[in-house]
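Nothing in this text is a laboratory measurement; each read-out follows from the coordinates by a stated rule. Model, not experiment: these values are computed from the prediction. Every residue, glycine among them, receives a Cβ derived from its backbone with ideal geometry; neighbour counts consider all protein chains shown.
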Amino acid sequence: MINLDEMYSEIPPTKLRHKDEKFRPARTSKVWLWIANKFFFGMLESRFYAMRYKGVENLTEIGKVPTIFFAPHGNWWDGIVGYNLCNRLLKKEIRLMVEELNRFPLLRRGGAFNVNKKSAQASMEALTYSVKLLEDLRNILYIFPQGIIKPPNFRPIEFQTGLAYIAQKAAHKYGKVNLVPISVNYLFLRDNRPEVWVEFGNEIILEDRKINRKEYTEYLAKNLENLCDKQFNEICHGQFDGYKTLFQQKLKWYRRIEQRLKRIDIKKIKKD
């Protein structure tokens, strides 16, 4: 039985278990990416009725400037959603920082690399590697800067300093870096299966290598929180303008019958 008091620990797993994990970089290839695409695309489609997105028109610097996506982390599906956004929608390769990658080593073949949060020194190898990854403009670095899983729509959104560190070092090394906030919601609408709704925020271009890291961390966290609140508020008011569909399943047979029954003119039946 799940202990509800332990569902959302404030301590990262590697630190909680006090267990060293050897650093493992991402290891992709055409064959493994083909396998990963089949697996992760199909995994999302098998559990969700549809995936909708908007704000792609905001992404004008992808492929031109080193790019980092940052999003809230509320559940297990967040990484799979990120994979579909990068590899399926934008045709780029995701580079995803994953804690305890030793439990899921095959994720390396899809673009994941591990981070050990047992100490600041242990995390540094992953942070340094993240900066190096951004040199290849075919990659998108996808980060959950809260550092641990938080309850859905948890407020306030607070970041650890890793994202600002990576951005600062990347701006110094490559001249500038592109940061994109992403809001993700998992919704039950008019179908019996949930949908994934994603909104891309405006790009944030960082060129100043002399930023105050603490202040910049707070600025990025507030930017993401504002985007998430905006999307949630629009959804609550039934405002779905601008969304496009990445995939949508066919209705189940019983839902198709239901839709047909709704179109029957009851008054006409009574008259006949």
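For the reader, a short list of remarks on this structure follows.
- Prolate/oblate/rounded call for region 1-89, Cα gyration tensor, a/c under 1.5 rounded: prolate
- Per-residue ³J(HN,Hα) for region 75-81, Karplus 6.51 cos²θ - 1.76 cosθ + 1.60, θ = phi - 60°, Hz, x for Gly and Pro: 6, 4, 6, 4, x, 5, 4
- Hull-based mean projected area of region 4-271, where the convex hull spans the alpha carbons, in square nanometres: 17.1
- Top positive-direction residue, dipole computed over the chain with Cβ charges, set LEU189, LEU133, ASN153: LEU189
- Three-way shape label, region 126-174, alpha-carbon gyration tensor, a/c 1.5: prolate
- Members of LYS54/LYS132; LYS64/LYS132; LYS91/LYS244 lying beyond 19 Å, as alpha-carbon distances in this model show: LYS54/LYS132
- Applying a DSSP loop filter and a limit of 14 other Cβ atoms within 10 Å to the trypsin sites (Lys or Arg not before Pro) in region 29-132 leaves LYS64, LYS91.
- Toward the positive end of the charge dipole of the chain, with +1 on the Cβ of Lys and Arg and -1 on the Cβ of Asp and Glu, the farthest Cα among VAL180, GLN248, MET51 is that of GLN248.
- For region 21-45 and region 201-225, distance of Cα centres in Å: 30
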